[in-house]
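J.: Encoded as structure tokens, here's the structure I'll be asking about.
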Amino acid sequence: MKPGLLPWLAAASIALTATAHAQPAFERWRAYTGVTWDTDGAAPFAGSVTAPIAGLHFDAAGQAYVSTPRVLSAGSPATLSRLDTSRTEGPARLTAFPSTPGNDVAADPATSLRSVLGFHVDHRNGWLWALDMGWVAGEKEAPAGAQKLAVFDLRTGRLLKHIGLDGVADRAGSFLNDVVVDEVRRVAYVSDSGLRSAPDNQVGILVIDYAKGTARRVLDGHRSVQVEPGVKVTVRGAEVWPGNPLRLGINGIGLSPDGETLYWTVTTGTRLHALPTRLLRDAKVPAATLAAAVRDLGAVGGNTDGIVTDARGRLYITDVTRNGIAAFDPKAKRLSLVANDDGVHWPDTPTIGPGGDLYVTASGLNDHFAGTVRAGSERY
């Protein structure tokens, strides 16, 4: 991001071709004043202050997809959409994916998307894996069958499979946050942050096998996925929600290019952890063995949100404390801050585009949750 740009960017991009000695700068990619669906883009959706753009991923052709989770209001027309990138400012122009009826809160909760935060665009299979929290604002618990992983054909929007998660996630206490997918083995890993059960978060990792249609919960309540005692979440030097501190467990989750190592961080925490996926994929491995195999890779320098891994195995972690991106090299076991700017409000989801650049949404989720963003002033 170039110095002097106003803090109203929706996504920033970083070229990953810079030398080790040259720190990349954020550059504004798109800047949106609110969101709208299937209109001419002349005015934002009336409730766009409660529909912040959180997730961003691209398909192989460069089509962008975004998530607008219904955690602040159930009223948005869709929770998962295609983004029209031909517009670079004004309201973000969205088209519901797979369709508007397929995002209907009042439809069958087992098949219709209700509240998506994390999702994965699968280039190998031509699929989109959507993680549905199941609950929307105003509900004390998710309806039966609503917590699910839904897999769609990107080209047609057809629902290929939905795998229910009620058996491995609590309908009242879970917060199904992010998902990463081993596209070769067709196995997904999900972070359950347990935010709705704070302060004693019901945290864990879900392992979901597409072919078998099964889901298992592992590392349930383990300290590596739990809120770290004594840690506060800070942004731009100030605590998030003082008096009602944010207690968010495992959030960002990443996978090595060969699918053999799973990485994760805790937002109300400071550490990066890893575990061999061969242990996670084997349902016969005892819980104690899994727990003993978790590796602490060290401090990440601040509070974090999302993770993405590049083709060489380097991790890029959004750093909400320093308003930037931290990079971790597993081979050198070295972490560094590669870009930051105080104009980036809550760097959220990192993703790598078809051209190899790193894109990051700046969602301002902390301010939206706190209710400090006024209608007409939302910037994504």
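J.: Tell me, what % of the accessible area of the chain is carbon and sulfur with a 1.4 angstrom probe? List each step's numbers first, then the result.
T.: Values: 7500 of 14980 Å².
Carbon and sulfur: 50 percent of the exposed surface of the chain.
J.: What residues from the range 234-273 fall in the zone where the backbone N is under 19 Å from a label point 7 Å along the Cα-to-C-beta line of Ala332?
T.: Taking a point 7 Å out along Cα→Cβ of Ala332, the residues of the range 234-273 whose backbone N falls under 19 Å are 257, 272.
J.: Hey, with R₀ at 51 Å, roughly what FRET efficiency would Glu239 and Leu160 work out to, going by the Cβ-Cβ distance, to 0.05?
T.: Working: r = 43 Å, r/R0 = 0.85.
Efficiency for this residue pair is about 0.75.
J.: Moving on. Quick one: how many lysine pairs in the chain have C-alpha atoms under 23 angstrom apart, if they're 8 or more apart or on different chains? Write out the running numbers ahead of the final one.
T.: Numbers: Lys140/Lys148; Lys148/Lys161; Lys148/Lys212; Lys161/Lys212; Lys212/Lys284.
Close lysine pairs found across the chain: 5.
J.: Moving on to the next point. To the nearest 10 square angstrom, how much accessible area does Thr261 have with a 1.4 angstrom probe?
T.: Counting only protein heavy atoms, the figure is 20 Å².
J.: Based on Cβ point charges of +1 for Lys and Arg and -1 for Asp and Glu, what charge dipole magnitude is obtained for the chain about its Cα centre, in debye rounded to the nearest 20?
T.: Numbers: 38 positive and 38 negative charges, 112 e Å.
Roughly 540 debye, rounded to the nearest 20.
J.: With all protein chains present, calculate the accessible area of Lys161 using a 1.4 Å probe and round the result to the nearest 10 Å².
T.: For Lys161, solvent-accessible area is about 60 Å².
J.: I've got another one for you. Where the centroid of each part is defined by its Cα atoms, how far is the range 320-380 from the range 34-104 in Å?
T.: With the range 320-380 and the range 34-104 each reduced to a Cα centre, they are spaced 19 Å.
J.: Now a separate question. If I stretch the segment between Thr214 and Gln63 completely, what's the gain in nm (0.36 nm per residue apart, minus their alpha carbon distance), one decimal? Intermediate values should be presented prior to the final figure.
T.: Details: separation 151, 0.36 × 151 = 54.36 nm, distance 3.01 nm.
Once the chain is fully extended between Thr214 and Gln63, it gains 51.4 nm.
J.: Per residue, what accessible area does the chain have, given a 1.4 Å probe and all protein chains present, in Å²? Could you put the intermediate results ahead of the total?
T.: Values: 14980 Å² over 380 residues.
Value for the chain: 39 Å² per residue.
J.: Another one. Identify which of the listed values of percent of Cα pairs over 39 Å apart was calculated from the structure shown: [x] 7; [y] 37; [z] 23.
T.: Answer by label: [x].
J.: Relative contact order of the range 109-255, please, whole-number percent, based on alpha carbon pairs below 8 angstrom and at least 6 residues apart. Working shown, then result.
T.: Numbers: 350 pairs, mean separation 25.5, N = 147.
About 17 percent, as a whole number.
J.: Which of the trypsin sites (Lys or Arg not before Pro) found in the range 281-380 are in a DSSP loop and have at most 14 neighbouring Cβ atoms, other than their own, within 10 Å?
T.: Values: sites: Arg281, Lys284, Arg295, Arg312, Arg314, Arg322, Lys331, Lys333, Arg334, Arg374, Arg379; in loops: Lys284, Arg312, Arg314, Arg322, Lys331, Lys333, Arg374, Arg379.
In loop regions of the range 281-380 (DSSP not H, G, I, E or B), the sparsely surrounded trypsin sites (Lys or Arg not before Pro) are Lys284, Arg312, Lys331, Lys333, Arg374.
J.: With each run of n ≥ 4 DSSP H residues scored as -39500 (n - 2.57), what mean residue ellipticity at 222 nm is computed for the chain after dividing by its residue count and rounding to the nearest 500 deg cm²/dmol? Present the calculation step by step, with values, prior to reporting the outcome.
T.: Working: 3 runs with 18 residues, N = 380.
So the helix-based figure for the chain works out to -1000 deg cm²/dmol.
J.: Rg/Rh for the range 192-313: what does it come to with C-alpha atoms and Rh from Kirkwood?
T.: Details: Rg = 14.9 Å, Rh = 15.1 Å.
Using Cα coordinates only, the ratio equals 0.98.
J.: To continue, here is another question. May I have the extent of the alpha carbons of the range 121-221 along their three principal axes, as whole Å values ordered from largest to smallest?
T.: Largest first, the range 121-221 extends 40, 28, 19 Å along its Cα principal axes.
J.: What range in the chain is the longest one free of GluC sites (Glu not before Pro) that are in a loop by DSSP and have at most 15 other Cβ atoms within 10 angstrom? Mind showing how you got there, number by number?
T.: Values: sites that count: Glu89, Glu141, Glu260.
Result, exposed sites excluded: 261-380.
J.: Now a separate question. Full-extension gain between Leu279 and Arg87, please, as 0.36 nm times their residue separation minus the C-alpha to C-alpha distance. Present the calculation step by step, with values, prior to reporting the outcome.
T.: Numbers: separation 192, 0.36 × 192 = 69.12 nm, distance 4.52 nm.
The span from Leu279 to Arg87 would gain 64.6 nm if fully extended.
J.: Here is a follow-up. Under 8 Å for C-alpha pairs, at least 6 residues apart: give me the relative contact order for the chain, rounded to a whole percent. All intermediate terms of the calculation are to be shown ahead of the outcome.
T.: Values: 1051 pairs, mean separation 59.9, N = 380.
Value for the chain: 16 percent.
J.: With a point put 7 Å past each Cα toward its Cβ, work out how far Arg124 is from Ala311 in nm, to one decimal.
T.: 1.5 nm
The values are calculated or read from the model by the stated rules, or taken from the named source; none is laboratory data. Owing to the predicted nature of the structure, the values given are computational and were not obtained by experimental measurement. Positions of Cβ are backbone-derived with ideal geometry, glycine not excepted, and every protein chain shown enters the neighbour counts. In case anyone asks, the SASA skips ligands and DNA or RNA and just uses the protein heavy atoms, side chains included. Shrake-Rupley method; radii C 1.70, N 1.55, O 1.52, S 1.80 Å.
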